[in-house]
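**Q** What follows is a structure written as structure tokens; I'll ask about it next.
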Amino acid sequence: MSKNNTAVRPFGMRDKLGYAMGDMGCGFSFQLLSTYMQLFYCQTIGIKPEHYAAIILISKFWDAINDVLIGNMVDTKRISKKSKFMPWILMGGVFLVGLTVMVFAPINDFTYPAKIAWCLISYCLWSVAYTMVNVPYGSLLSVITNDMSQRTSLSTFRSIGAALPALIIMIILPRVVYHKEELPNGDIQETLIGTNLFIASIILSLVALVVLWGTTKLVTERVKTVNSVNNTTGAKAFFGAFKSFFTNRPMVGATIATVASVALFNSTMSLNNMVFQYFFKDTDSMGIAMVGSYLPMVVVMATIGKITKKFGKKKAVAYSMLISAIAGLAMLFIPIEPTKTGMIIYVVELMFLNAGNSVFQIGVWAIVADCIEISFRKTGKSEEGTLYALYSFFRKLSQGIGQAASSLGLAAIGFNEGEGAIQPANFGSDVKTLYFILLFVGSLIAFLSMTFVYNITHEQEIEFGNTKPEFASDEDIIQE
């Protein structure tokens, strides 16, 4: 296949915006489920938290497996001559709309076993649709450019795309889906309204489909991908992918850090909602407060390129997670009262945690691209989809582990399920402590893994950046 440099549009802002829109589309659905699914099924539908923990572990195990299977399909079954990845993104996006709505369907009148079955089946099906979008989207970064600084900028814009739906869900949704009332004893109770959440799921999933379509129109695939004769399919590919993955030390290190960060940091956001719902008893302030806590991410987005260029991704990420671990440990000992002043202290402490974690969350996608590059240089196989899918495999398992851990933690501190249920007197304080512990442990493990396991040096990163991409031929690039 011949090179044709003049046929390919130069890398630029159009690619960055298109790539950001991809994670924005994924985020509208993913953030909604990661923030509200546990609350919806435990508080509104009435599933016990220990049963929800079992549901989420089973579904996440299935989710992780289908990641590998779909990733291999993306690598070996090209369904369009124009693009390796875009048709999968669009097809999965259509399914994602219906299945997001299915997850939040108002099934309050179902029998308890039927509620369990609906939760498990709808979430497993949603996972397939999300994988059809997210695996090819994640793999896309490897074929947009080979340039190190350009990959870092794409990773930054991906984080911007993910942040926008998160902000909408944190700021606007609490004012729509919660109802505040005063109890006869004068106490304030905040109740999650399931029907409002159902309507929100319809709107947000449709928006997600529109922005995913935008990705397919704006991004250009420049780096030629080859379906190597060495690539395999079926069970051989499934188990062969594990061998490639676990012999890739930097991928293992990045994955351990990701599992810790996602399981005990990102996947426990529902506990933060509960802190505002049961400790501060002020969900109206939750959105504004959380925006404040995420302000460090804005600073990181603006400086991540300079930071990684000077120190390298390994040091930048490892030391940032150490900052998060120190902040998480401090949060366990600094007294916080359920007052406005206490809320300010809480948000400031979260700012320090998020400052460290933001470097990892923004830089990890460029790190994964480097790990894929290492694998290609060692094996000669074009396995972007498969390797990214295996990374996603463990990322998905970690989401299940985190949600299961928080659910079991809620059961341990006496959570009462069901709409309008009254919680124990110390529940708000206990859920706050539970949240702090999980944040600290996740940050510490991520720091240790990036320091002692991940081993791509700054010099190797520079070498990757100096390697010019082999451009796709005319029939392989997206038509303008």
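**Q** Listed residues 444, 397; which is buried (at least 17 other Cβ atoms within 10 Å of the Cβ), at pLDDT below 90, within 24 Å of the chain's Cα centre (by Cα) and of a type outside the set (S, T, N, Q)?
**A** Numbers: 444 fails: at pLDDT below 90.
Sole residue among the options that is buried (at least 17 other Cβ atoms within 10 Å of the Cβ), at pLDDT below 90, within 24 Å of the chain's Cα centre (by Cα) and of a type outside the set (S, T, N, Q): 397.
**Q** Based on what the data block shows, is residue 97 of a type in the set (Val, Ile, Thr), out of contact with any strand residue (DSSP E or B) (no Cβ under 6 Å at 6 or more places or on another chain) and in a helix (DSSP H, G or I)? Don't jump to the end; show me each part of the working.
**A** On the way: of a type in the set (Val, Ile, Thr): yes; out of contact with any strand residue (DSSP E or B) (no Cβ under 6 Å at 6 or more places or on another chain): yes; in a helix (DSSP H, G or I): yes.
Answer is yes for this residue.
**Q** Give me the residue from the stretch 95-108 that is of a type in the set (A, V, I, L, M) and under 20 Å from the mean Cα position of the chain (by Cα) and, out of that set, surrounded by the most Cβ atoms within 10 Å (Cβ to Cβ).
**A** So, considering only residues that are of a type in the set (A, V, I, L, M) and under 20 Å from the mean Cα position of the chain (by Cα), the one surrounded by the most Cβ atoms within 10 Å (Cβ to Cβ) is 96.
**Q** I would also like to ask the following. In the stretch 263-291, which residues are closer than 16 Å to residue 168 by Cβ and at pLDDT below 80?
**A** Selection gives 269, 287, 288, 289, 290, 291.
**Q** For the list (1) among the acidic types (Asp, Glu); (2) under 24 Å from residue 121 (Cβ atoms); (3) crowded, with 20+ Cβ neighbours inside 10 Å, I need the number of the one condition that residue 50 fails.
**A** (3)
**Q** Okay, next question. Among 319, 278, which is of a type in the set (Phe, Trp, Tyr) and within 15 Å of residue 357 (Cα to Cα)?
**A** Working: 278 fails: within 15 Å of residue 357 (Cα to Cα).
Result of the check over 319, 278: 319.
**Q** Do we have residue 436 as crowded, with 24+ Cβ neighbours inside 10 Å and more than 19 Å from the chain's Cα centre (by Cα) here?
**A** Yes.
**Q** Test residue 97 against the criterion of being among the aliphatic types (A, V, I, L, M), touching a Leu at 6+ places or on another chain (Cβ under 6 Å) and over 21 Å from residue 263 (Cα atoms), and give yes or no.
**A** Judged against the criteria, residue 97 is a match.
Condition check ((1) surrounded by 15 or more Cβ atoms within 10 Å (Cβ to Cβ); (2) without any contact (Cβ under 8 Å) to a residue 12 or more places away in the chain) across all residues:
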site	(1), (2)
321	yes, no
328	yes, no
331	yes, no
340	no, yes
345	yes, yes
365	yes, no
368	yes, no
376	yes, yes
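**Q** Let me ask something else. Among the candidates 39, 120, 33, single out the residue that is touching a strand residue (DSSP E or B) at 6+ places or on another chain (Cβ under 8 Å), farther than 27 Å from residue 244 by Cα and surrounded by fewer than 23 Cβ atoms within 10 Å (Cβ to Cβ).
**A** So the residue among 39, 120, 33 that is touching a strand residue (DSSP E or B) at 6+ places or on another chain (Cβ under 8 Å), farther than 27 Å from residue 244 by Cα and surrounded by fewer than 23 Cβ atoms within 10 Å (Cβ to Cβ) is 39.
**Q** Pull up the stretch 66-85, narrow it to residues that are at pLDDT below 75 and assigned to a loop (DSSP other than H, G, I, E, B), then point me to the one that is farthest from residue 213 (Cα to Cα).
**A** Only one residue tops the list, namely 77.
**Q** Here are some residues: 57, 140. Which one is at negative phi, within 21 Å of the chain's Cα centre (by Cα) and crowded, with 23+ Cβ neighbours inside 10 Å?
**A** Residue meeting the stated conditions: 140.
**Q** Something else about it: Would you pick out the residues in the stretch 384-433 that are free of Cβ contacts under 8 Å to residues at least 24 places away in the same chain and not in a loop (DSSP other than H, G, I, E, B)?
**A** Hits for the stretch 384-433 are 412, 430.
**Q** Restricting attention to the stretch 147-187, and to residues there that are at pLDDT below 80 and among the aliphatic types (A, V, I, L, M), which single residue is nearest to residue 283 (Cα to Cα)?
**A** So, considering only residues that are at pLDDT below 80 and among the aliphatic types (A, V, I, L, M), the one nearest to residue 283 (Cα to Cα) is 183.
**Q** Next question, about the same structure. Being buried (at least 24 other Cβ atoms within 10 Å of the Cβ), at pLDDT below 80 and either charged (D, E, K, R) or assigned to a loop (DSSP other than H, G, I, E, B) (or both) is true for just one of 23, 63. Which residue is that? Reasoning before the result, please.
**A** Numbers: 23 fails: at pLDDT below 80.
Result of the check over 23, 63: 63.
**Q** Shifting gears a bit: Kindly indicate which of 44, 111 is of a type in the set (Ser, Thr, Tyr) and surrounded by fewer than 20 Cβ atoms within 10 Å (Cβ to Cβ).
**A** Testing whether each residue is of a type in the set (Ser, Thr, Tyr) and surrounded by fewer than 20 Cβ atoms within 10 Å (Cβ to Cβ) leaves just 111.
**Q** Could you check how many residues of the stretch 226-262 are at pLDDT below 70 and either aromatic (Phe, Trp, Tyr) or at positive phi (or both)?
**A** 3
**Q** Can you confirm whether the stretch 180-195 contains a residue that is part of a helix (DSSP H, G or I), under 17 Å from residue 27 (Cβ atoms) and of a type in the set (Gly, Ala, Ser)?
**A** no
The values are calculated or read from the model by the stated rules, or taken from the named source; none is laboratory data. Just so it is clear, the model here is predicted, and its values are computed rather than measured. Here the Cβ is made from the backbone with ideal geometry for all residues, glycine too, and neighbour counts use every protein chain on show.
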